[in-house]
Amino acid sequence: MSGTIPSHIEPARLVDRRITLKGVVKVGSLERFAAVLQAATGEVQVELYFSRDEQRIATMHGHYQVDAPLLCQRCLEQVVVPIDSECDVGFVTSDEAAKQLPRHYEPVIVGEEPLDLFALIEDELLLALPAVPMHPQQTCQHPPGYRPETAELEEKSEKPNPFSVLAKLKRDT
């Protein structure tokens with residue numbers, strides 16, 4: 001199925017039918033993800049494949065792509081970070097079943113009510129964000145008046161190593 005991704009799904013039905021969902025999710029509909037971005041515009045390209053693996057575990061393989069406008073932590077200007085993330089989810093009904101899942105699956109506990117698919121997609125996107133977004137070193141524009149303090153780095157490297165005494169003691173024994 002192609003088009004707009006539904007906000008809520010029933011995983012068991014999609015798994016049994018081996019459905020693939022391809023489409024887009026508006027960034028504005030992902031509140032927590034949009035709050036991190038400099039501009040909450042654009043769309044996330046989503047591809048979700050539902051199936052059962054060799055062990056008959058209900059699974060979903062997800063692939064997400066979006067260009068995320070973030071704040072560069074070096075120059076404090078906007079930097080667009082391309083996110084291309086994948087995940088493998090195992091659907092289970094209890095915490096005990098989640099502990100039995102193979103390690104490469106992220107457990108998602110499902111019940112009788114439909115699963116909030118947007119929350120799942122949003123979690124994956126938040127995990128894929130870089131811890132410190134920055135432009136590449138050679139293209140980053142520093143704020144006016146910025147001068148790297150190279151002299152301070154040189155002073156630190158000239159200080160004696162406090163552990164050199166221990167190395168001497170080790171040689172003497």
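The values are calculated or read from the model by the stated rules, or taken from the named source; none is laboratory data. In this text, all values refer to a predicted model and were calculated from it rather than measured experimentally. Cβ atoms come from the backbone with ideal geometry, glycine included; neighbour counts cover every protein chain shown.
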Pairs where the first residue, in the stretch 51-71, is among the acidic types (Asp, Glu) and the second is assigned to a strand (DSSP E or B), C-beta under 8 Å, 6+ apart: Asp53/Thr59; Asp67/Val80; Asp67/Val81; Asp67/Pro82; Asp67/Ile83
Failed item, numbered, when Met1 is tested on (1) modelled with pLDDT under 95; (2) hydrophobic (A, V, I, L, M, F, W, C); (3) surrounded by 14 or more Cβ atoms within 10 Å (Cβ to Cβ): (3)
Enumeration of residues in the stretch 38-50 that are farther than 17 Å from Ile19 by Cα and touching a residue at least 40 places away in the same chain (Cβ under 8 Å): Gln38, Val44
Extreme residue, modelled with the lowest pLDDT, among residues of the stretch 137-163 that are part of a loop (DSSP other than H, G, I, E, B) and of a type in the set (Ser, Thr, Tyr): Tyr146
Residue list for the stretch 107-142, restricted to those being under 18 Å from Val44 (Cβ atoms), out of contact with any His (no Cβ under 9 Å at 6 or more places or on another chain) and among the acidic types (Asp, Glu): Glu122, Asp123, Glu124
Boolean, Glu10 is touching a residue at least 12 places away in the same chain (Cβ under 8 Å) and in contact with a Pro (Cβ under 7 Å, 6 or more places away or on another chain): yes
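The rows are residues; the columns are (1) touching a strand residue (DSSP E or B) at 6+ places or on another chain (Cβ under 6 Å); (2) of a type in the set (Asp, Glu).
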| site | (1), (2) |
| --- | --- |
| Ala12 | no, no |
| Lys22 | yes, no |
| Val27 | no, no |
| Cys72 | yes, no |
| Glu77 | no, yes |
| Asp88 | yes, yes |
| Asp95 | no, yes |
| Tyr105 | yes, no |
Total residues in the stretch 90-109, condition in a loop (DSSP other than H, G, I, E, B) and buried (at least 17 other Cβ atoms within 10 Å of the Cβ): 2
Residue list for the stretch 40-64, restricted to those being farther than 25 Å from Thr93 by Cβ, touching a Ser or Thr at 6+ places or on another chain (Cβ under 9 Å) and surrounded by 17 or more Cβ atoms within 10 Å (Cβ to Cβ): Tyr64
Of all residues making up the stretch 110-136, the number that are touching a residue at least 12 places away in the same chain (Cβ under 8 Å) and either within 27 Å of Asp67 (Cβ to Cβ) or not in a loop (DSSP other than H, G, I, E, B) (or both): 18
Hits in the stretch 55-84 - residues which are touching a Leu at 6+ places or on another chain (Cβ under 7 Å), within 26 Å of Val108 (Cβ to Cβ) and not hydrophobic (A, V, I, L, M, F, W, C): Gly62, Tyr64
